[in-house]
Each structure stands twice: as structure tokens, then as C-alpha cells.
Amino acid sequence: MTHKDGYASCNFCGRHESQAIILVAGQNDSHICDCCAWDCTVMIYEEVKDRYRGEEPKGLIEKPTRPDVYTFADTPDDTTENEENRS
């Protein structure tokens with residue numbers, strides 16, 4: 001999602017573009033960060049593996065919660081100011 005200030009964030013976890021290694025832009029102003037893309041890859045792999053083994057499909061797969069990832073609400077308004085305070 002692109003915010004009014006011009007920066008983008010992940011639509012899944014809310015991670016700010018400065019906190020992501022890669023932020024992939026999609027259609028309709030959607031973005032996904034490298035961590036969420038990896039989580040999706042792992043979930044898809046596990047689902048395909050289970051189906052190959054003959055297990056019933058799970059249907060809707062919920063995204064995992066990651067305690068190490070800040071949500072957009074947890075990030076400071078001005079990340080440059082926050083980075084300067086860390087130095």
C-alpha cells in the first residue's frame with residue numbers, strides 16, 4: 001500500500017519499505033515484502049506436499065503471525081528520525 005507520504009508498506013504485515021529487503025509491487029497499489037513472500041512460499045509448498053500425499057485440502061490458509069515483525073501501527077511516523085536516535 002502506498003501512503004499519502006509517498007512510501008509503501010507490505011499489505012500483509014504492514015512492514016515499512018525501509019524495513020523490508022525487497023518490497024514487490026503488484027496490481028492496484030498492493031505490495032508484499034520478502035518475509036511475507038517467503039511465508040507464502042512455505043505455506044504453498046506444505047499444502048502441495050500434503051495434497052500429493054493424498055490428504056484433504058485445507059481450503060483457506062491463514063497467514064502466520066510473526067512476533068519479530070512490526071505491524072504498520074507499531075512503526076514510528078518518521079523512520080529517519082528513529083534511525084538517527086538508534087545511532
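Bear in mind these aren't lab numbers, they're just calculated from the coordinates by the rules spelled out. What you see is a predicted model, and the numbers here were worked out from it, not measured in a lab. Here the Cβ is made from the backbone with ideal geometry for all residues, glycine too, and neighbour counts use every protein chain on show.
Between ALA37 and LYS4, what is the spin-label point distance in nm, taking each point 7 Å from the Cα along the Cα→C-beta axis?
Taking the two extended label points, one gets 3.0 nm.
What net charge do the residues around GLY54 carry, taking every other residue with its C-beta under 15 Å from that of GLY54, with Lys and Arg at +1 and Asp and Glu at -1?
Working: positive: LYS49, ARG51, ARG53, LYS58; negative: GLU46, GLU47, ASP50, GLU55, GLU56.
Every neighbour counted, the sum reads -1.
When the scattering of the range 1-46 is computed by the Debye formula from its Cα atoms alone, each counted once and equally, what is log10 I(q)/I(0) at q = 0.22, 0.26 Å⁻¹?
Listed by q, the Debye log ratios stand at -0.68, -0.88.
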